[in-house]
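This report concerns only the one structure given below.
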Amino acid sequence: MATTRLGLVSYDHGAQYLTARSAQFRAFIDELCSSGYAAPWKPVTSTGEQGGGQILPWFVGTPGMSSIVRPLAESVRIHTSRRVHTIDRTDKSWHIWFDDETVVGPFAAVAVAVPAPQALLLLGRVEEVAEPLARVRMSPCWSLMVRLEQRVLPDQDVYSDMSDVIRWIARNNAKPGRTTKGETIVVHASPAWSRETEDAEPELVAEELWSEVCHVLDLPPARPSQMTAHLWRFGLVDQSLGETYVYSSQQNVGVAGDWCLGRLSEHAYESGSALGRAIIASLD
Ligand SMILES: Cc1cc2nc3c(=O)[nH]c(=O)nc-3n(C[C@H](O)[C@H](O)[C@H](O)COP(=O)(O)OP(=O)(O)OC[C@H]3O[C@@H](n4cnc5c(N)ncnc54)[C@H](O)[C@@H]3O)c2cc1C
C-alpha cells in the first residue's frame, strides 16, 4: 500500500485498490472512508462503464494508497527508512539492531511484518518459525510510473492482462483526490517477465515496458515527461502459507503478512490483527 512522490507528482506504485470480503475489513474501510482516508473508486473498465465488472466494490486511499495505514500509525512511535539487520533474544527479551548499528529494546515480544523471504533472514535461528516461512514462494513485480503532459490513454481507466509482458495499466489520476495536469499512469509487468528481468537496469526496464504499453494500446507517439521503474522484489505471492500467522509462544516472536493467507491487503490486515491478538494473549 505504497505511494511515492516523484517531483510534484504522486503515484500508487504498489497495491492499486482494496476490496473487502470480511465484515471486519469492510468495517475498517468504511471507517477510513468516513474519516477521509479512503474513497470508493469506479474506474471505466473494459465494459465501458464506470465500475463495470466489479464484483466487490473497489476502494483507494486518499490522497494516496499509503493513507490507508495512517490512522493505524496514530499514537505509535515509528522509525522509518531504517532497515532491521538482526533481532536478538537474550535474557527473555528482544533487542532490534538496525543497519546503522543502533539498537532498540528490550521488548517483551516482536511482530515481524515483512515478506516471508525477508522474515526468514531475521528469524532463521528460531526453528519453529523459520520452518513454515521456507514453504512460502514469492515473486518479483516491476512497476512503471509514467507522466505525460497530455491525456493519451483511450477511454478505459484500467486494463488487465494485456500481453505476456503487461499485467496491469491504470490511469493513476482517475482515482479520487488525485489532481494532475496531463496524465499519470501506473503499469505492472507480469510475474514471468518480472522474474526474467529482475536484475536488469530500471532505465532499460522502463523503456521496454513503455514501448510495450504503446504497442498493446496502439497509442499515438508521445514522449513521457517522467518515467521510472521500481522493482517489488518480493511483491507477489505464488505460494501462501495457509495459516493466519506464525507465532512462537516460547520465544514471543511472530510473523504476519499477506503471504500467510493469500496475496491481498485484506489478507495482510487479517494476519496482522490475529498476530496482534495472539501476542496480547500470550503476554497476559
Ligand atoms: C505490484 C503490486 C500490486 C498489488 N496490488 C494489490 C491490489 O490491487 N489489491 C490488494 O489488496 N493488494 C495488492 N497488492 C498486495 C498488497 O500490496 C500487499 O498485500 C500488502 O502491501 C501487504 O502488506 P504487508 O504489511 O504484509 O507487507 P508489505 O506491504 O510488503 O510491507 C512490508 C514492509 O517491510 C519493509 N521491510 C522488509 N524487510 C525489512 C527490514 N529488514 N527492516 C525494516 N523494514 C523491512 C518493506 O520495505 C515494506 O515496507 C499488490 C502488491 C504489489 C507488489
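The values are calculated or read from the model by the stated rules, or taken from the named source; none is laboratory data. Model, not experiment: these values are computed from the prediction. In this analysis, Cβ positions are derived from the backbone assuming ideal geometry, glycine residues included, and neighbour counts consider all displayed protein chains. Note: areas computed on protein heavy atoms with side chains; ligands, DNA, RNA excluded. Shrake-Rupley method; radii C 1.70, N 1.55, O 1.52, S 1.80 Å.
Structure values in brief
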quantity	calculated
Largest-first principal axis extents of the Cα set of the range 108-209 (Å)	55, 33, 23
Nearest 10 degrees, 0 to 90: helix 265-283 Cα axis against the chain principal axis	10
Under 13 Å from the Cα of Lys181 - aspartates and glutamates, other chains or at least 8 residues apart	Glu149
Solvent-accessible area of Arg277 with every protein chain in place, 1.4 Å probe, in Å² to the nearest 10	130
Per residue solvent-accessible surface (Å²) - the range 79-161, probe of 1.4 Å	57
Karplus-derived 3J(HN,Hα), 6.51/-1.76/1.60, for each residue of the range 14-29, Hz, glycine and proline x	x, 3, 8, 6, 10, 10, 10, 9, 8, 5, 5, 6, 5, 5, 4, 5
Mean shadow area of the range 44-85 over all directions, Cα convex hull, nm²	5.5
Gyration tensor (Cα) of the range 98-159, equivalent ellipsoid semi-axes in angstrom	40, 18, 10
Residue order for Cys141, Cys214 - accessible surface, 1.4 angstrom probe, largest first	Cys214, Cys141
Label-point separation in nm, Val76 to Ala39, each point 7 Å along Cα→Cβ	2.6
With all protein chains modelled, accessible area of Glu201 [1.4 Å, Å²]	110
Cα convex hull of the chain - mean projected area over all directions, nm²	16.2
Sites matching GluC sites (Glu not before Pro) across the range 149-230 that sit in DSSP coil, with at most 16 neighbouring C-beta atoms within 10 Å	Glu149, Glu198
Mean residue ellipticity (222 nm) of the chain, computed from DSSP H runs ≥ 4 via -39,500 (n - 2.57), nearest 500	-7500 deg cm²/dmol
Accessible area of the range 195-279 divided out per residue, in Å², using a probe of 1.4 angstrom	52
Calculated log₁₀ intensity ratio I(q)/I(0) where the Debye formula runs over C-alpha points of the range 164-284, q = 0.20 Å⁻¹	-1.09
Area accessible to solvent at Phe234, 1.4 Å probe radius, in Å²	70
In nm, spacing of pseudo-spin labels at Glu131 and Leu56 (7 Å Cα→C-beta vector)	3.2
Accessible surface, 1.4 Å probe, highest first, among residues Tyr11, Tyr269	Tyr269, Tyr11
